[in-house]
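The values are calculated or read from the model by the stated rules, or taken from the named source; none is laboratory data. Values in this document were obtained by computation on a predicted structure and should not be read as measured data. Note that we place each Cβ from the backbone using ideal geometry, even for glycine, and neighbour counts take in every protein chain shown. Just so you know, the surface numbers come from the protein's heavy atoms only, side chains and all, with ligands and any DNA or RNA stripped out. Shrake-Rupley method; radii C 1.70, N 1.55, O 1.52, S 1.80 Å.
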Amino acid sequence: RNIEINNSALDAFDSEFSEITVKNIIVKKTMGGECIGVKRGNYNFLNANLSYCHDKAVSSGEHSKTVLHNVEVSNSSMGITAKDSSEIKVYKYYNKESGGCLHSYRFKKNYNSAAIFVNKKNLFCDGGKIEKDKFSLIEYF
């Protein structure tokens with residue numbers, strides 16, 4: 001239910017083939033990886049506070065479905081990323097002082113596109129890039 005990770009050498013929270021709901025997750029600093037990385041499963045994060053993520057703050061890939069209810073990202077290389085047949089739904093997102101905000105793409109050719117659905121009223125990107133490739137989707141609701 002509640003997770004706190006500080007100074008992770010690589011990925012802080014990494015899960016595959018799971019169905020998980022996390023009430024609160026706080027990650028402060030990954031030195032060589034993602035703050036949250038998930039694949040092949042269903043993931044539900046109610047509150048996430050992610051800072052100083054060396055790579056992506058949230059990465060959802062390879063047929064995963066991820067729901068982020070309230071996420072705050074700061075001082076990270078990239079905010080939220082969907083890739084390789086995955087889908088992310090974001091209800092409230094605050095991204096401050098990060099290189100990227102939203103990124104949706106197909107990375108591996110044996111997968112399909114990726115999709116991010118985000119509530120535009122509760123989206124703050126602080127100038128971070130919003131990017132998608134020609135196969136993928138970023139849609140506002």
Between Asn112 and Glu139, what FRET efficiency follows from the Cβ-Cβ distance if R0 is 22 Å, with the result rounded to 0.05?
-> 0.90
Using Cα pairs under 8 angstrom and six or more residues apart, how large is the relative contact order of the chain, in percent?
-> 16 percent
Considering Cα pairs under 8 angstrom that are at least six residues apart, work out the relative contact order of the range 1-75 and quote it in whole percent.
-> 29 percent
To the nearest µm²/s, what D does Stokes-Einstein give for the chain at 4 °C and 1.567 mPa s, using the Kirkwood radius over alpha carbon pairs as Rh?
-> 90 µm²/s
Cβ crowding within 10 Å averaged over residues, with 118-127, 52-61, 70-79 ranked highest first | 52-61, 70-79, 118-127
Give me the distance between the Cα centres of the range 77-93 and the range 22-71, rounded to whole Å.
-> 9 Å
Relative contact order for the range 90-141, counting Cα pairs under 8 Å that sit 6 or more residues apart, in percent = 48 percent
Cα gyration tensor, the range 92-141 - rounded (a/c under 1.5), prolate or oblate | oblate
Rolling a 1.4 angstrom probe over the protein heavy atoms, how many square angstrom per residue are accessible across the chain?
-> 51 Å²
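At a 1.4 Å probe, what is the % contribution of carbon and sulfur to the accessible area of the chain?
Ligands and nucleic acids excluded, carbon and sulfur reach 47 percent.
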